[in-house]
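We did not get these values from a lab; they are worked out from the coordinates using the rules stated. Please read all numbers here as calculations on a predicted model, not as lab measurements. Cβ placement follows ideal geometry from the backbone for every residue including glycine, while neighbour counts extend to all protein chains displayed.
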Amino acid sequence: MTTVSPDFAPDFKKMGGLVPAIAQDAASGDVLMMAWMNEDAWNRTIETGEAHYFSRSRGTLWHKGGTSGHTQHIKAVRLDCDSDTILLLVDQIGGAACHKGYKSCFFRELKDGEITTCSPMVFDPKEVYK
């Protein structure tokens, strides 16, 4: 992608070095996922133009789509007014952001008292994550 001004950077001090990062489909506006970024993930995202996150459960940096091939190409990056939440506008390669195979991690919906699946399944995770 590019380098950016230090004035445009998340405030990693507020929440112990992590900030929420929301990925949104740049074309459709669909919210695809929420993950965490530390400063290293932020820098790698800015440097490469592809989303990188920090896995709290594994305690490590991860490149979104590094295993599945379903990468997120950054179209734009936004910061909220307090610089403690990141919004990534992305081109979701492969059509699925969710590790469970759905287009969006927000694939379940409660509406009018009914729970439904509201996002299509794109791949079978058993086949992708062998």
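When cysteine pairs in the chain are screened for C-beta atoms closer than 4.7 angstrom, the residues that find no partner are Cys81, Cys118. Quick check on region 72-122: take the gyration tensor over C-alpha atoms, sort the square-rooted eigenvalues as a ≥ b ≥ c, and tell me if it's rounded (a/c under 1.5), prolate or oblate. Verdict is oblate for region 72-122. Each of Tyr129, Phe106, Ala9 was scored by the projection of its Cα onto the charge dipole of the chain, and the greatest displacement toward the positive side belongs to Tyr129; charges sit on the C-beta of Lys, Arg, Asp and Glu. Partners of Lys126 within straight-line reach, counting lysines whose Cα lies under 22 Å from its Cα and excluding those fewer than 8 residues away in the same chain: Lys64, Lys100, Lys103. Annotation: aspartates and glutamates with alpha-carbon distance below 19 angstrom to Lys111 (same-chain offsets under eight excluded): Asp30. Between 0 and 90 degrees, the angle of helix 39-48 with respect to the longest Cα principal axis of the chain falls at about 80 degrees. Loop-located chymotrypsin sites (Phe, Trp or Tyr not before Pro) across region 66-130 with a Cβ neighbour count of 14 or fewer within 10 Å are Tyr129, with loop assigned by DSSP.
Among beta bridges identified by DSSP and lying wholly in region 19-97, the antiparallel ones come to about 80 percent.
Rounded to the nearest 20, the size of the Cβ-charge dipole of the chain about its Cα centre is 440 debye, with Lys and Arg at +1 and Asp and Glu at -1. When the charge dipole of region 19-97 is built from unit charges on Cβ atoms (+1 for Lys and Arg, -1 for Asp and Glu) and taken about the Cα centre, the candidate among Ala21, Gly94, Leu79 whose Cα reaches farthest toward its positive end is Gly94. Using the Karplus relation 6.51 cos²θ - 1.76 cosθ + 1.60 with θ = phi - 60°, the per-residue 3J(HN,Hα) values for region 24-37 come to 10, 5, 5, 7, 8, x, 4, 7, 9, 6, 10, 9, 10, 10 Hz, with x marking Gly and Pro. Ignoring aspartates and glutamates fewer than eight residues from Lys13 along the same chain, the ones with Cα atoms less than 20 angstrom from its Cα are Glu39, Asp40, Asp80, Asp82, Asp84. Straightening the chain between Asp30 and Cys81 buys 16.2 nm, computed as 0.36 nm per residue apart minus the Cα-Cα spacing. Loop-located chymotrypsin sites (Phe, Trp or Tyr not before Pro) in region 23-96 (DSSP state other than H, G, I, E, B) with a sparse environment of at most 12 neighbouring Cβ atoms within 10 Å are absent.
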